[in-house]
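Take a look at the structure below.
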Amino acid sequence: MTTRLAVALVVVFAGAVSTQQTVYEPGNGVTLPSVVKEVRPEYTERAKKSGARGTVWMKCVVDRDGKPADIVIVRSVDPDLDENAVAALKQWEFTPGTKNGEAVPVRVTIEMTLTLK
C-alpha cells in the first residue's frame, strides 16, 4: 500500500494581529509565501488499518524567515493523522510573503489530503 498526499496552499481572508507583530493576509500588495521544502506526513498503522483518509486543513503563519508558526487544525481527519500532518508542516520551508519588497508574516491555510492507494 502506498500513501498519496496532495497539498494545496489556500488563501484565508481573515484579519489577525499577533501580540508581537502584525500578521498580514495575502492581497492588497501582500504576496503569498511559496513552498520551498515540503515534508509529507507519515500514515500510521492504525490509520491504515481503519482506512482513515481525507483532508486535514491547518491555518498557520509563515514568518519572515519562511517557517510555519501558530499552526491550528481547522478541519480534522483522524487524531493520529492530524498530529502527523502538524509535525510534517513544522518541517516545511517557505519563501516568505512580502509587502513593499519586505518579508512579512502571512497567514495561510494548508490542505493535506491523505489517501491510501
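The table below lists the values:
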item: Residue identified as part of a strand (DSSP E or B) and modelled with pLDDT of 95 or more among Val74, Val10, Val86; result: Val74
item: Restricting the range 13-42 to residues that are modelled with pLDDT under 95 and of a type in the set (A, V, I, L, M), the residue that is nearest to Thr109 (Cα to Cα); result: Ala14
item: Lone unmet requirement of (1) touching a strand residue (DSSP E or B) at 6+ places or on another chain (Cβ under 7 Å); (2) loosely packed, with under 15 Cβ neighbours inside 10 Å; (3) at pLDDT below 95 for Glu45; result: (1)
item: Selected residue (criterion: surrounded by the most Cβ atoms within 10 Å (Cβ to Cβ)) from residues of the range 68-117 that are under 14 Å from the mean Cα position of the chain (by Cα) and acidic (Asp, Glu); result: Asp82
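The values are calculated or read from the model by the stated rules, or taken from the named source; none is laboratory data. Just so it is clear, the structure is predicted and the values come from calculations on it, not from any experiment. So basically every Cβ, Gly included, is an ideal-geometry build from the backbone, and we count neighbours across all protein chains shown.
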